[in-house]
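Peer 1: First, the structure itself, so that you have it in front of you.
The values are calculated or read from the model by the stated rules, or taken from the named source; none is laboratory data. Given the structure is predicted, the values throughout are model-derived calculations rather than measurements. Cβ sites come from the backbone with ideal geometry, for glycine too, and all protein chains shown count toward neighbours.
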Amino acid sequence: MTPRSRGRRHSRRVVRWAFAAFLLGWLRIAAAGVGVSVAEFYVALEPGGRNEVSFSIYNDEPGSLLVEVSVVDWENTADGVTYLRSPGTLPRSCADWIRISPDLLVLDPNVEGDVTIGLRPPPSARGTYWAAVVVEIAAPAGAVRVRRQFVVKVYATVGRTTPAAAVSSVGLNGWNPIRVTVVLENPGDVLLRSVTGVATVEDRRGEVLMEIPIPAFHVLPGERVERTVRGPWPLRTPGIYLIRAVFDFGVEALVAGQIAVRIDPLDLAPVGGAVGLPADRNGDGFYEDVNGDGRGDRADVEHFRAHLWDPVIQRNARAFDFDNDGRITLSDVEALERRVSGSGE
Amino acid sequence: MRRPGRGQRWARWVLAAALSAAVVVGVTAVERSVTVQIRWNVLPYQTLRVEWGSGDPSSISYVVRGASALDRERGYIEDENALRLDVISNIPWKVQVRAAAPTAEGILLRQRGGEYARLTAEPHVLAHGRNGSYEIAVDYRIPVDGATGEAAVESIEIVCTIMPD
């Protein structure tokens, strides 16, 4: 390492620590508790090189704490749960090249301890690898105890790599208000960090009717991430619409996917021998008066339950999709029940 | 036409010089008005405080209260606002909970206002949010042992994990 790069590295470290010190000071004012100064690291490395990062654990509680620090692998399930696994057991794990120091700390009240994470990838590594450092605070004795854990995620990107992304599906799965589900996949070997997007809905003349922002998210190499966003209002006017999702994943080009959807006019008829046509009594686009007797009440819930699979209901799904998931199922009966009892949305 | 006096000529020179200087300074200012690219990383931080409903910050363990007649009748002890989690994070976060050991059979937990979920050795998301400061109230239900009429579980260790979401 040259003196100049050493100097740069030193000044970066000074700035970083100054900022961390500011945050820690602010946090102490904001709330007592246990905290970590950095919850995620994005580390860039050259093949065969090494890097070192560090964070602080602080204790602003009245008692001393025994803190254990360890390295784990982690993975997310489709329903958003993160599982911690033994280190080095998952594909693209960097746990085996992480060294932490120290792995055990005793923190007295109002004291902070520093943990250093050293990374040294093998020469063959390319792209993004990940693992996590778990900070675990031992539970005190007692009948009901809480053991606290902080998961500090570490993403290590080795070498110069080109991000890649593809929109693998765009779908409409709710009409009132409109709900759009998009799947973005990462076929490359580098993390797509803080991907942002927007879903636009256009009519057949190309007029943009609404733009729905998609909050930022990460996509790990080889992963597919599904995001569902809600628009501000329903598409009630029959016609053909174009729904397009565009993502910015940090390179010059954007990536997009689109789908054309047709909203047919409602084709209502009395359901299951009811006296009248189903009706939307309050103009919200939902036909709560399923039996057409002029009221939205308990009798409609039972009528709806009894005739859930009636073709009139199924072919006019957008009028009866009370839970707005794009399908007519028993959960729509429950949603209607909440509506007529006044506890629904 | 009368020629301007020496004082007037001097004044014109001063004015011209001042204008020229203003133009030059302006041009220089325009030249110096460049876009400067500043890069910095905002460190993502997280803090978690756990407090039992008693409000005593020094106590982070808890004793299950005795079962009442109502608890015995319905088969569980319910304690609302039993636990409070204070979360501060400058990035999206989530808190997962799981039982440290499979002795927590039949215990249910929920974030206040949410739905109860069984506490097992498998983690589930108790709460999540975007950046900000959050106070999360947690309710729990512990089954009552039909034979003894008291809480069926004597000891529980809940693992509460906060992480970036």
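Peer 1: Can you pull out the residues in the range B:130-165 that are more than 12 Å from chain A (Cβ to nearest Cβ) and farther than 30 Å from residue B:69 by Cβ?
Peer 2: B:136
Peer 1: Given the conditions (1) of a type outside the set (Phe, Trp, Tyr); (2) surrounded by fewer than 17 Cβ atoms within 10 Å (Cβ to Cβ); (3) under 21 Å from residue B:164 (Cα atoms), and given that residue A:96 satisfies all but one, which numbered condition is not satisfied?
Peer 2: (3)
Peer 1: Related question: Every residue in the range A:112-126 that is out of contact with any Leu (no Cβ under 9 Å at 6 or more places or on another chain) and farther than 14 Å from residue A:36 by Cβ, please.
Peer 2: A:118, A:122, A:123, A:124, A:126
Peer 1: Being under 25 Å from residue B:122 (Cα atoms) and within 13 Å of chain B (Cβ to nearest Cβ) narrows it down to one residue among A:63, A:35; which is it? Break it down into steps so the answer makes sense when it comes.
Peer 2: On the way: A:63 fails: under 25 Å from residue B:122 (Cα atoms).
It is A:35.
Peer 1: Can you pull out the residues in the range A:318-333 that are small (Gly, Ala, Ser) and within 19 Å of residue A:298 (Cα to Cα)? Reasoning before the result, please.
Peer 2: Narrowing the range A:318-333 to residues small (Gly, Ala, Ser): A:319, A:326, A:331.
Scanning the range A:318-333 gives A:319, A:331.
Peer 1: Now, a different point. If I go through the range B:78-95 residue by residue, how many of them are within 21 Å of the chain's Cα centre (by Cα) and either more than 13 Å from residue B:46 (Cβ to Cβ) or more than 14 Å from every other protein chain (Cβ to nearest Cβ) (or both)? I'd like the intermediate steps shown before the answer.
Peer 2: Taking the range B:78-95 and keeping what is within 21 Å of the chain's Cα centre (by Cα), we get B:81-95.
Those left that are additionally either more than 13 Å from residue B:46 (Cβ to Cβ) or more than 14 Å from every other protein chain (Cβ to nearest Cβ) (or both): B:81-84.
Residues in the range B:78-95 being within 21 Å of the chain's Cα centre (by Cα) and either more than 13 Å from residue B:46 (Cβ to Cβ) or more than 14 Å from every other protein chain (Cβ to nearest Cβ) (or both): 4 in total.
Peer 1: Ok, one more. Do we find a residue being assigned to a strand (DSSP E or B) and more than 14 Å from chain B (Cβ to nearest Cβ) anywhere in the range A:72-89?
Peer 2: As a first pass, look at the range A:72-89 and keep what is assigned to a strand (DSSP E or B): A:72-76, A:82-85.
With the extra rule that they be more than 14 Å from chain B (Cβ to nearest Cβ), the set shrinks to none.
Within the range A:72-89, none of the residues are assigned to a strand (DSSP E or B) and more than 14 Å from chain B (Cβ to nearest Cβ).
Peer 1: Of all residues being of a type in the set (A, V, I, L, M) and free of Cβ contacts under 8 Å to residues at least 60 places away in the same chain in the range B:88-113, which is nearest to residue B:161 (Cα to Cα)? Just the residue, please. Let's see the steps before the verdict.
Peer 2: To start, the set of residues in the range B:88-113 that are of a type in the set (A, V, I, L, M) comprises B:88, B:91, B:95, B:97, B:99-101, B:104, B:107-109.
Of the ones still in play, those that are also free of Cβ contacts under 8 Å to residues at least 60 places away in the same chain are B:88, B:100-101, B:104, B:107-109.
Details: B:88: 14, B:100: 12, B:101: 15, B:104: 17, B:107: 18, B:108: 17, B:109: 15 Å.
Ranking the qualifying residues of the range B:88-113, first place goes to B:100.
Peer 1: While we're on this one: Which residue, of A:224, A:244, is among the charged types (D, E, K, R), closer than 22 Å to residue A:176 by Cα and under 29 Å from the mean Cα position of the chain (by Cα)? I'd like the intermediate steps shown before the answer.
Peer 2: Numbers: A:224 fails: closer than 22 Å to residue A:176 by Cα.
Result: A:244 is the single residue among A:224, A:244 that is among the charged types (D, E, K, R), closer than 22 Å to residue A:176 by Cα and under 29 Å from the mean Cα position of the chain (by Cα).
Peer 1: Here is a further query. Could you go through the range A:126-136 and let me know if any residue there is assigned by TED's automatic domain parsing to the domain that holds residue A:85 and in contact with a Gly (Cβ under 6 Å, 6 or more places away or on another chain). Walk me through how you get there before you give the answer.
Peer 2: Kept after step one, since they are assigned by TED's automatic domain parsing to the domain that holds residue A:85, are these residues of the range A:126-136: A:126-136.
From what is left, the residues that are in contact with a Gly (Cβ under 6 Å, 6 or more places away or on another chain) are A:126.
For the range A:126-136, residues assigned by TED's automatic domain parsing to the domain that holds residue A:85 and in contact with a Gly (Cβ under 6 Å, 6 or more places away or on another chain): present.
Peer 1: Now for a different question. Go through the range A:316-345 residue by residue and tally those that are closer than 19 Å to residue A:235 by Cα and surrounded by fewer than 15 Cβ atoms within 10 Å (Cβ to Cβ).
Peer 2: Residues in the range A:316-345 being closer than 19 Å to residue A:235 by Cα and surrounded by fewer than 15 Cβ atoms within 10 Å (Cβ to Cβ): 3 in total.
Peer 1: What number of residues in the range A:118-146 are touching a residue at least 24 places away in the same chain (Cβ under 8 Å), of a type in the set (A, V, I, L, M, F, W, C) and within 14 Å of chain B (Cβ to nearest Cβ)?
Peer 2: Count: 8.
Peer 1: Which one of B:134, B:116 is in contact (Cβ under 8 Å) with a residue 12 or more places away in the chain and more than 27 Å from residue B:45 (Cα to Cα)?
Peer 2: Values: B:134 fails: more than 27 Å from residue B:45 (Cα to Cα).
Only one candidate passes the filter, namely B:116.
Peer 1: Within the range A:165-175, is there a residue that is among the β-branched types (Val, Ile, Thr) and modelled with pLDDT under 95? Full working, then the answer.
Peer 2: Residues of the range A:165-175 among the β-branched types (Val, Ile, Thr): A:167, A:170.
Keeping just the survivors that are modelled with pLDDT under 95 gives none.
No, the range A:165-175 contains no residue that is among the β-branched types (Val, Ile, Thr) and modelled with pLDDT under 95.
Peer 1: Select, from A:301, A:312, A:271, the only residue that is assigned to a loop (DSSP other than H, G, I, E, B), among the β-branched types (Val, Ile, Thr) and free of Cβ contacts under 8 Å to residues at least 60 places away in the same chain.
Peer 2: Values: A:301 fails: assigned to a loop (DSSP other than H, G, I, E, B); A:312 fails: assigned to a loop (DSSP other than H, G, I, E, B).
Only one candidate qualifies: A:271.
Peer 1: Out of A:216, A:245, A:256, I need the residue that is part of a strand (DSSP E or B), of a type outside the set (Phe, Trp, Tyr) and closer than 26 Å to residue A:94 by Cβ. Which one?
Peer 2: Working: A:245 fails: closer than 26 Å to residue A:94 by Cβ; A:256 fails: closer than 26 Å to residue A:94 by Cβ.
Exactly one of A:216, A:245, A:256 is part of a strand (DSSP E or B), of a type outside the set (Phe, Trp, Tyr) and closer than 26 Å to residue A:94 by Cβ, namely A:216.
Peer 1: Please specify each residue of the range A:147-204 satisfying the condition of being free of Cβ contacts under 8 Å to residues at least 12 places away in the same chain and part of a strand (DSSP E or B). Don't jump to the end; show me each part of the working.
Peer 2: Of all residues in the range A:147-204, those free of Cβ contacts under 8 Å to residues at least 12 places away in the same chain come to A:147, A:160.
Passing the criteria: only A:147.
Peer 1: With respect to residue B:91, is the statement that it is buried (at least 20 other Cβ atoms within 10 Å of the Cβ) and β-branched (Val, Ile, Thr) true? It would help to see each step written out before you state the result.
Peer 2: Numbers: buried (at least 20 other Cβ atoms within 10 Å of the Cβ): no; β-branched (Val, Ile, Thr): yes.
Here the answer is no, as residue B:91 does not meet what is asked.
Peer 1: Please verify whether the range A:129-148 includes one or more residues that are at pLDDT 95 or above and farther than 26 Å from residue B:121 by Cα.
Peer 2: As a first pass, look at the range A:129-148 and keep what is at pLDDT 95 or above: A:129-136.
Now restrict to residues that are farther than 26 Å from residue B:121 by Cα: A:129.
Yes, the range A:129-148 contains a residue that is at pLDDT 95 or above and farther than 26 Å from residue B:121 by Cα.
Peer 1: Residue A:154 passes all but one of (1) of a type in the set (A, V, I, L, M, F, W, C); (2) within 30 Å of residue B:50 (Cα to Cα); (3) not assigned by TED's automatic domain parsing to the domain that holds residue A:70; which number fails?
Peer 2: (3)
Peer 1: Also, I was wondering about something else. Having 3 or more residues that are of a type outside the set (Lys, Arg) and at pLDDT below 90 is the bar; report the strands (runs of 3 or more DSSP E) wholly within the range B:53-127 that clear it.
Peer 2: Numbers: elements: B:76-89, B:93-99, B:108-111.
Counting at least 3 such residues, we get B:76-89.
Peer 1: Could you grab me the full set of residues in the range A:110-146 that are in a strand (DSSP E or B), over 22 Å from residue A:75 (Cα atoms) and of a type in the set (S, T, N, Q)?
Peer 2: A:116
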